[in-house]
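Peer 1: Structure below; questions to follow.
The values are calculated or read from the model by the stated rules, or taken from the named source; none is laboratory data. A quick note: this is a predicted structure, and the numbers were derived from the prediction, not measured. Please note: Cβ atoms are built from the backbone with ideal geometry, for glycine as well, and neighbour counts cover all protein chains shown.
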Amino acid sequence: MENFHGKEKYLALIALTIILVINVPYLILGDDFYPQFGYDNLDSNIINKKILIESGNIFSSSSTIIEEPLSGIPRVAFGAEFSFLNLLHYLFDTPIAYVMNILLIQFIGFLGMILFLREKYGHNSLFLIYSVSLIFSQLPFWPNAGISLAGIPLLLYSYLIFDKRKLLSIAILILYVVYSSFVLTGIFIIGLSWLFIIYKLLAKQSFKNILIYTILLMLLYFLHQYRLILFALDPLYVSHRSELVKKVFSFTKSFNIVTKIFFGEYGHNVKKPLLISMTTIAIFIFSRIRRITIHKDIYVYSIFIISIAFISVFIKTELGIFLTSFIKPIKMVQLQRFYWLLPPFFYMLFFLVLQEIWKTKLKWLVLVLLLIQFSLVFQKNTNFKQFLKTRILGIETDVLTFREFYSEELYHEINQYIGKPQNTYRVASIGLQPASALYNGFYTIDGYYGNYPVEYKHKFFKLIEPELIKNDKLLNRFQSQGSVVVIMSNEIIKRREGRDFVIPFETKDIPDRVINDLQLNIEILHELNCQYILSSSKILNNDELDLKYEKYFESDDSPWGIYLYSVLVH
């Protein structure tokens, strides 16, 4: 800030005020805020942080068993200890840590884009730099990835200043490594860095800085992710990911996904690219017609985005899967996620395209495009939108808040009714989120986990096989993926038909919540010490499954209505 000119200080103040206003609902709502990406934030990653920290095993050996989920999972499956997200969850209660993470991601995205654009393109377009950086900061970045995406501009800035300010550059590098996901962006950034080195070598250009920078990045990631790397080299167990069946993209599917990447949305990396892509195409056409020269980096970013999109899709084609199948650990990595890197580059491209328009007599058009793009991004802000609907307009919503999702008071009531130490038995959830039980101290046989022993998958399959064979889609999903380890009721699935879900659930306001014919190999529940079933629906054939109905739990401030069953032992 000490180098900011007067005009820039005002721009910074205005932009930060806008960011603050957008996030005021978090302060007003407390733990009744509405999570970004809905329940995808809450059903696994957050609960993993909470369980790891509360277990006291954050620095334990990789083979140490974390007891709470899936009858126990080795420590190695819970990620790196020196993680900034771990630090947030260690210092603060879970809802506060969640909100602080959101705010830090936005601020780092905003600051990083400003620093990169200023360093790369100078101070001549400060209004555009701050406007584009503001819009970029408000993208709904997936919180559990930290600054994997939002921090890419800051990472690029640290490379640009590597020669001039090495200590700051390395400090930024360390921040990025401990606050990002190695598997979602780190491995791809390293791969692209080596390709850039090869390009410079072939072009007979100096590559000393990028070589040193890339080696530093690799060393830092290897130190940070030593558990994962050692596991890949010498696994403590065979992961369920070894049985992942990768979907093969047809030509039509490939074309549709590439189109989505350019003009729509695909995956978690929401970027709202339609206006950016259309404006870029218009600039290309305009420059050809008028025979004018546009900034060369418009071509660079466009080629980069196109290349990454096609690489991401190619990896999922039959040939791509064949070529990547020779290295065994790669089978467990979703290499097609190269496209995760794209959002920052779309907004760097947007900045340059707007700069070209600004040079013409159509400066008003730049303002219109900025407002439209900001509106497109802002309407993805779940928390602000739901706050406006519920607290300002008084409109009811079926979107669950953080507090409602975990319903601490309701689960506490269930725990009090059972009246036994939670570590002496396990529970399973049907039509409910296992994460809610885990959050409230229950030990479970189910959950959503990206890495656990394949033997457990096979045992759980025996438990739910009679139910899965009723539905080919469910059977195929569990056998080919298996990260969602929950008891699926085919009747609940049918009631939820057409809904997009990872773990199907039913709230208490859904009518006729009954399961007429639940089929399970109940002896597996005994083997897993599962003594209680928490169900959103009344199980009508509970007697034939040796399940004793205990009590129905419901409260005004929870969306769940929970039928509790105990597992009888003869």
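Peer 1: Looking only at the stretch 515-551, which residues are part of a loop (DSSP other than H, G, I, E, B) and more than 19 Å from TYR456 (Cα to Cα)?
Peer 2: ASN516, ASP517, LEU518, GLN519, SER536, SER537, LEU540, ASN541, ASN542, ASP546
The rows are residues; the columns are (1) assigned to a helix (DSSP H, G or I); (2) touching a Lys or Arg at 6+ places or on another chain (Cβ under 8 Å); (3) crowded, with 24+ Cβ neighbours inside 10 Å.
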{"position": "ILE96", "(1), (2), (3)": "yes, no, no"}
{"position": "MET100", "(1), (2), (3)": "yes, no, no"}
{"position": "PHE107", "(1), (2), (3)": "yes, no, no"}
{"position": "SER148", "(1), (2), (3)": "no, no, yes"}
{"position": "PRO153", "(1), (2), (3)": "yes, no, yes"}
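Peer 1: How many residues are surrounded by fewer than 17 Cβ atoms within 10 Å (Cβ to Cβ) and either in contact (Cβ under 8 Å) with a residue 40 or more places away in the chain or outside the structural domain of VAL514 (by TED's automatic domain parsing) (or both) when one looks only at the stretch 419-436? Step through it out loud before you land on a result.
Peer 2: Applying the first criterion (surrounded by fewer than 17 Cβ atoms within 10 Å (Cβ to Cβ)) to the stretch 419-436 yields 419-425.
Those left that are additionally either in contact (Cβ under 8 Å) with a residue 40 or more places away in the chain or outside the structural domain of VAL514 (by TED's automatic domain parsing) (or both): 423, 425.
So the count comes out to 2.
Peer 1: Next question, about the same structure. Considering only residues of the stretch 382-396 that are closer than 20 Å to ASN23 by Cα and among the charged types (D, E, K, R), which is surrounded by the fewest Cβ atoms within 10 Å (Cβ to Cβ)?
Peer 2: Selected residue: ARG391.
Peer 1: Residues of the stretch 227-252 being part of a helix (DSSP H, G or I), without any contact (Cβ under 8 Å) to a residue 12 or more places away in the chain and not hydrophobic (A, V, I, L, M, F, W, C), which ones?
Peer 2: The one that is part of a helix (DSSP H, G or I), without any contact (Cβ under 8 Å) to a residue 12 or more places away in the chain and not hydrophobic (A, V, I, L, M, F, W, C): THR252.
Peer 1: List every residue pair whose Cβ atoms lie under 8 Å apart, where the two residues are 6 or more positions apart in sequence or sit on different chains, the first residue falls within the stretch 49-61 and is surrounded by fewer than 16 Cβ atoms within 10 Å (Cβ to Cβ), and the second residue, located anywhere, is not in a helix (DSSP H, G or I).
Peer 2: Correct list of pairs: PHE59/GLU81.
Peer 1: Among the residues that make up the stretch 130-151, is at least one of them of a type outside the set (Gly, Ala, Ser), touching a residue at least 24 places away in the same chain (Cβ under 8 Å), out of contact with any helix residue (DSSP H, G or I) (no Cβ under 6 Å at 6 or more places or on another chain) and farther than 17 Å from ASN269 by Cβ?
Peer 2: Looking through the stretch 130-151, none of the residues is of a type outside the set (Gly, Ala, Ser), touching a residue at least 24 places away in the same chain (Cβ under 8 Å), out of contact with any helix residue (DSSP H, G or I) (no Cβ under 6 Å at 6 or more places or on another chain) and farther than 17 Å from ASN269 by Cβ.
Peer 1: Has the stretch 168-181 got any residue that is outside any loop (DSSP other than H, G, I, E, B) and either within 18 Å of PHE351 (Cβ to Cβ) or modelled with pLDDT under 95 (or both)?
Peer 2: No, the stretch 168-181 contains no residue that is outside any loop (DSSP other than H, G, I, E, B) and either within 18 Å of PHE351 (Cβ to Cβ) or modelled with pLDDT under 95 (or both).
Peer 1: Would you confirm whether any residue within the stretch 124-142 is in a helix (DSSP H, G or I) and surrounded by fewer than 19 Cβ atoms within 10 Å (Cβ to Cβ)?
Peer 2: yes
Peer 1: Please give the number of the condition ASP43 fails out of (1) crowded, with 20+ Cβ neighbours inside 10 Å; (2) part of a helix (DSSP H, G or I).
Peer 2: Unmet for ASP43, out of (1) crowded, with 20+ Cβ neighbours inside 10 Å; (2) part of a helix (DSSP H, G or I): (2).
Peer 1: Select from the stretch 194-222 the residues that are within 22 Å of TYR179 (Cα to Cα) and free of Cβ contacts under 8 Å to residues at least 12 places away in the same chain and write down the one among them that is surrounded by the fewest Cβ atoms within 10 Å (Cβ to Cβ).
Peer 2: If we take residues in the stretch 194-222 being within 22 Å of TYR179 (Cα to Cα) and free of Cβ contacts under 8 Å to residues at least 12 places away in the same chain, then LEU219 is surrounded by the fewest Cβ atoms within 10 Å (Cβ to Cβ).
Peer 1: Confirm whether TYR90 is surrounded by fewer than 19 Cβ atoms within 10 Å (Cβ to Cβ), more than 22 Å from VAL300 (Cα to Cα) and in contact with a helix residue (DSSP H, G or I) (Cβ under 6 Å, 6 or more places away or on another chain).
Peer 2: So TYR90 passes the test.
Peer 1: Right, something else. For VAL399, are the conditions met, namely being of a type in the set (Val, Ile, Thr), surrounded by fewer than 19 Cβ atoms within 10 Å (Cβ to Cβ) and in contact with a helix residue (DSSP H, G or I) (Cβ under 8 Å, 6 or more places away or on another chain)?
Peer 2: Numbers: of a type in the set (Val, Ile, Thr): yes; surrounded by fewer than 19 Cβ atoms within 10 Å (Cβ to Cβ): yes; in contact with a helix residue (DSSP H, G or I) (Cβ under 8 Å, 6 or more places away or on another chain): yes.
So VAL399 fits the description; yes.
Peer 1: Would you pick out the residues in the stretch 459-474 that are modelled with pLDDT of 90 or more and not in a loop (DSSP other than H, G, I, E, B)?
Peer 2: Within the stretch 459-474, LYS459, PHE460, PHE461, LYS462, LEU463, ILE464, GLU465, PRO466, GLU467, LEU468 meet the criteria.
Peer 1: In this structure, is PHE304 modelled with pLDDT of 85 or more, in a helix (DSSP H, G or I), surrounded by fewer than 16 Cβ atoms within 10 Å (Cβ to Cβ) and in contact with a helix residue (DSSP H, G or I) (Cβ under 9 Å, 6 or more places away or on another chain)?
Peer 2: When the stated conditions are applied, PHE304 does not pass them.
Peer 1: Of the residues PHE182, PHE162, only one is over 27 Å from ILE306 (Cα atoms), touching a residue at least 24 places away in the same chain (Cβ under 8 Å) and buried (at least 17 other Cβ atoms within 10 Å of the Cβ); which?
Peer 2: Selected residue: PHE162, the only one of PHE182, PHE162 that is over 27 Å from ILE306 (Cα atoms), touching a residue at least 24 places away in the same chain (Cβ under 8 Å) and buried (at least 17 other Cβ atoms within 10 Å of the Cβ).
Peer 1: Collect the residues in the stretch 223-262 that are hydrophobic (A, V, I, L, M, F, W, C), more than 30 Å from ARG75 (Cα to Cα) and surrounded by 15 or more Cβ atoms within 10 Å (Cβ to Cβ), keeping them in residue-number order.
Peer 2: PHE249, ILE257, VAL258, ILE261, PHE262
Peer 1: On to the next question. If I filter the stretch 62-74 down to residues being touching a residue at least 60 places away in the same chain (Cβ under 8 Å) and surrounded by 15 or more Cβ atoms within 10 Å (Cβ to Cβ), which single residue comes out as farthest from THR424 (Cα to Cα)?
Peer 2: SER62
Peer 1: Considering the stretch 417-458 alone, what residues qualify as being in a helix (DSSP H, G or I) and farther than 17 Å from SER558 by Cβ? Talk me through it step by step, then tell me what you get.
Peer 2: Restricting attention to the stretch 417-458, the residues satisfying the condition of being in a helix (DSSP H, G or I) are 417-418, 422-424, 434-439, 454-458.
Once the filter is applied, which keeps residues that are in a helix (DSSP H, G or I) and farther than 17 Å from SER558 by Cβ, the stretch 417-458 yields ILE418, GLN422, ASN423, THR424, VAL454, GLU455, TYR456, LYS457, HIS458.
Peer 1: Another question about this same structure. Quick check: anything in the stretch 513-523 of a type in the set (D, E, K, R), more than 30 Å from SER63 (Cα to Cα) and within 24 Å of the chain's Cα centre (by Cα)? It would help to see each step written out before you state the result.
Peer 2: Residues of the stretch 513-523 of a type in the set (D, E, K, R): 513, 517, 523.
Retained after the next criterion (residues that are more than 30 Å from SER63 (Cα to Cα)): 513, 517.
Filter again for within 24 Å of the chain's Cα centre (by Cα), leaving none.
No; the residues of the stretch 513-523 include none that is of a type in the set (D, E, K, R), more than 30 Å from SER63 (Cα to Cα) and within 24 Å of the chain's Cα centre (by Cα).
Peer 1: Would you mind telling me which numbered condition in (1) more than 16 Å from LEU400 (Cβ to Cβ); (2) under 23 Å from the mean Cα position of the chain (by Cα); (3) in contact (Cβ under 8 Å) with a residue 12 or more places away in the chain; (4) in a helix (DSSP H, G or I) ILE28 fails?
Peer 2: (2)
Peer 1: Residues that are within 20 Å of PRO25 (Cα to Cα) and surrounded by fewer than 13 Cβ atoms within 10 Å (Cβ to Cβ): does the stretch 368-381 have at least one? First the steps, then the outcome.
Peer 2: As a first pass, look at the stretch 368-381 and keep what is within 20 Å of PRO25 (Cα to Cα): 374-381.
Pick out the ones that are also surrounded by fewer than 13 Cβ atoms within 10 Å (Cβ to Cβ) and you get 375, 379.
Looking for residues that are within 20 Å of PRO25 (Cα to Cα) and surrounded by fewer than 13 Cβ atoms within 10 Å (Cβ to Cβ), one finds at least one in the stretch 368-381, hence yes.
Peer 1: For the stretch 381-416: of the residues being assigned to a helix (DSSP H, G or I) and β-branched (Val, Ile, Thr), which is nearest to ASN269 (Cα to Cα)?
Peer 2: THR382
Peer 1: Can you find even one residue in the stretch 505-514 that is out of contact with any strand residue (DSSP E or B) (no Cβ under 9 Å at 6 or more places or on another chain), surrounded by fewer than 19 Cβ atoms within 10 Å (Cβ to Cβ), assigned to a loop (DSSP other than H, G, I, E, B) and polar (S, T, N, Q)?
Peer 2: Checking the stretch 505-514: not a single residue is out of contact with any strand residue (DSSP E or B) (no Cβ under 9 Å at 6 or more places or on another chain), surrounded by fewer than 19 Cβ atoms within 10 Å (Cβ to Cβ), assigned to a loop (DSSP other than H, G, I, E, B) and polar (S, T, N, Q).
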